[in-house]
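Each remark here refers to the structure printed beneath this line.
Just so you know, all these numbers are worked out from the coordinates, no wet-lab data involved. Since the model is a prediction, treat every value here as computed from it, not as a measurement. Here Cβ is always computed from backbone atoms with ideal geometry, including for glycine, and neighbour counts include all displayed protein chains.
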Amino acid sequence: MKYQYNTIIIGSGVAGMTAAIYLKRSNIDVMILEKEAPGGQVNRTSDIENYPGFTSIKGPDLAFKIFEQINQLEIKYNYGNVKDIKIHENYKEIVTDEDTFTCKNIIIATGRKPRKLGLSNEEKLTNNGISYCAICDGPLYKNKITAVVGGGNSAVEEAAYLDEICEKVYLIHKRDAFSADEKAKIRLSKSKVEILYNNEVVEFLEENGKLSGVALKKGEKLKVDGLFIYIGNIPETDFLQTAKIDLDNGYVLVDENMETNVKGIYACGDVVKKEFYQISTAIGEATIASLAIKKNC
Ligand SMILES: Cc1cc2nc3c(=O)[nH]c(=O)nc-3n(C[C@H](O)[C@H](O)[C@H](O)COP(=O)(O)OP(=O)(O)OC[C@H]3O[C@@H](n4cnc5c(N)ncnc54)[C@H](O)[C@@H]3O)c2cc1C
């Protein structure tokens, strides 16, 4: 069976796009499949200050710059929400919601999606007051009252970002200290954000189909126009069941070449089981995966 592409990359976050750049520059026939806009999580990041080459850059600007390289190199790019991967003797088949593609190698670069609080009307109120992206939706709450839930870097940084836009920002954290790094905590301490430690959102209050406030574990009710949830992420690996890829808690297990237990299937970026989830680590792993594919060509 002659396959359509040497390599198909699933996901066009920073990892997927980096792998595509390396493969295309090595003259390897590569195609990207993506279910949303290019950029992945960086599109949900306000300010990036630890990526070399930029003292500070907005996440969507970084995504756009990398996507410019994809276009300039004329890398094939297709919409597709991947639902399944089937392994055959000499090729692999990728099934999306609309199509089927065949290839020799696959790079899984599907990253992570935001963890939800899991309260009953969360789906209904998403985009009606509840958001997981301050840079995307923050401007909708200009001069309004918002709250952020979480205590890691993302929650602390995005609360400080919202403070520049909103009339009032609460930061609700279930513990008595933040796990965010020092720089983020200093930025927060310079803001007007009101911190509610040792508290949790237990109910979303709604009026006319929109979020109107939140009820907290300690009993009080806060009137808020918008709620931003940053309580961690979960890997996007639901589509890997048939292919029998080894996972740990949903994260893909890889060797030193970023290859999975299935020959010819690689993974890189936030979807991989590892210690540190950063843009620079995702890009480094994408480089390793694509160079390993080139070496085996
Ligand atoms: C709020 C926030 C702030 C952050 N700040 C920083 C920072 O300051 N510095 C830093 O280094 N890192 C930061 N990070 C982490 C960094 O953004 C990630 O480590 C990095 O972007 C991961 O890239 P990725 O390409 O592996 O995955 P992702 O960015 O998650 O991209 C995965 C892509 O795959 C697509 N996809 C998923 N499933 C499918 C499917 N079934 N079919 C087709 N496509 C699919 C998704 O739509 C997405 O576009 C931050 C993250 C967040 C959320």
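Per the helix-only calculation at 222 nm, which mean residue ellipticity applies to the chain, given -39500 (n - 2.57) for every DSSP H run of n ≥ 4 and division by its residues, nearest 500 deg cm²/dmol? Walk me through the numbers on the way to the answer.
On the way: 7 runs with 70 residues, N = 297.
Calculated mean residue ellipticity at 222 nm is -7000 deg cm²/dmol.
Computed from point charges on the beta carbon alone (+1 for Lys and Arg, -1 for Asp and Glu), the dipole magnitude for the stretch 237-297 about its Cα centre is near 260 Debye. Could you tell me which residue out of Gly80, Gly111, Ala184 lies farthest along the dipole of the chain toward its positive end? Charges go on the beta carbon: Lys and Arg +1, Asp and Glu -1, centred on the Cα centre. Checked the options; the winner is Ala184. Unpaired cysteine residues in the chain (no second Cys Cβ under 4.7 Å): Cys103, Cys166, Cys268, Cys297.
Taken over the stretch 116-229, the ratio of Cα radius of gyration to 2.2 N^0.38 Å equals 0.97.
Partners of Lys210 within straight-line reach, counting aspartates and glutamates whose Cα lies under 17 Å from its Cα and excluding those fewer than 8 residues away in the same chain: Glu122, Glu123, Asp137, Asp225.
Amide H contacts for Val202 (H built 1.01 Å from N in the peptide plane; partners 5 or more residues away or on another chain; cut-off under 5 Å): Ala215, Leu216, Lys217. Backbone phi angles across the stretch 210-225, fed through the Karplus curve with coefficients 6.51, -1.76 and 1.60 (θ = phi - 60°), yield HN-Hα couplings of 10, 5, 10, x, 9, 9, 9, 4, 6, x, 6, 10, 10, 7, 9, 8 Hz in residue order; Gly and Pro are listed as x.
Taking the beta-carbon count within 10 Å as an exposure proxy, list Met1, Met31 from fewest neighbours to most.
By the 10 Å Cβ count, ascending: Met1, Met31.
Around the Cα centre of the chain, unit charges on the Cβ atoms of Lys, Arg, Asp and Glu (plus for the first two, minus for the last two) sum to a dipole of about 180 debye. Put simply, the amide H of Ile9, placed in the peptide plane, has neighbours under 5 Å in Met31, Ile32, Leu33, Ile107, leaving out anything fewer than 5 places away on its chain. Run the numbers on the chain and let me know its relative contact order in percent, using alpha-carbon pairs under 8 Å that are six or more apart. After rounding, I find 20 percent. Here's the list of aspartates and glutamates a cross-link from Lys185 could span, going by alpha-carbon distance under 19 Å and ignoring same-chain residues fewer than 8 apart: Asp47, Glu49, Glu157, Glu158, Asp163, Glu164, Asp176, Glu194.
Helix 59-72 and the longest principal axis of the Cα set of the chain meet at an angle near 20°. One way to sum up the overall shape of the chain is the equivalent ellipsoid from its Cα gyration tensor, whose semi-axes run 38, 20, 17 Å, largest first.
So what's the net charge close to Val262: Lys and Arg +1, Asp and Glu -1, counting the other residues with Cβ under 15 Å from its Cβ?
Values: positive: Lys86, Lys92, Lys104, Lys244, Lys263; negative: Asp84, Glu89, Glu93, Asp246, Asp255, Glu259.
Residues near Val262 contribute -1 overall.
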